[in-house]
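Trainee: Here's a structure for you.
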Amino acid sequence: MTVDDVAAWLKVSRSWVYEHTRARGAPRTDRLPHVKLGKYVRFERRQLSAFLERRMLDRDASHVHQ
């Protein structure tokens, strides 16, 4: 998937997608999973879905412990 594809799928801006691929200082596990091909950034839908699922589970777990 391209940056445009991901932005449309997640209903966010292109800049949000780029920002979340390079969040400096953030652990790699907190960044959108992607691969760089030269100047291009590409994504696999399965990896993004798994990433989002983990994030939702982490969020739900943190709400339970509060």
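The values are calculated or read from the model by the stated rules, or taken from the named source; none is laboratory data. Small disclaimer: the values here were computed from a predicted structure and weren't measured. Just the protein is used for accessible areas: all its heavy atoms, side chains included, with ligands, DNA and RNA removed. Shrake-Rupley method; radii C 1.70, N 1.55, O 1.52, S 1.80 Å.
Trainee: With the other protein chains left in place, how much accessible area per residue, in square angstrom, belongs to the chain at a 1.4 angstrom probe?
Mentor: Value for the chain: 78 Å² per residue.
Trainee: For segment 28-34, take each phi angle, set θ = phi - 60°, evaluate the Karplus expression 6.51 cos²θ - 1.76 cosθ + 1.60, and give the result in whole Hz per residue in order, putting x for glycine and proline.
Mentor: Values, residue by residue: 4, 5, 8, 9, 4, x, 7 Hz.
Trainee: Go ahead and estimate [θ] at 222 nm for the chain from helices alone: -39,500 (n - 2.57) per DSSP H run with n ≥ 4, summed, over the residue count, rounded to 500.
Mentor: Counting only the DSSP helices, I get -15500 deg cm²/dmol.
Trainee: Still on this structure: Angle between the Cα long axis of helix 45-64 and the longest principal axis of the chain, 0 to 90 degrees, nearest 10?
Mentor: With both axes taken from Cα atoms, the answer is about 20 degrees.
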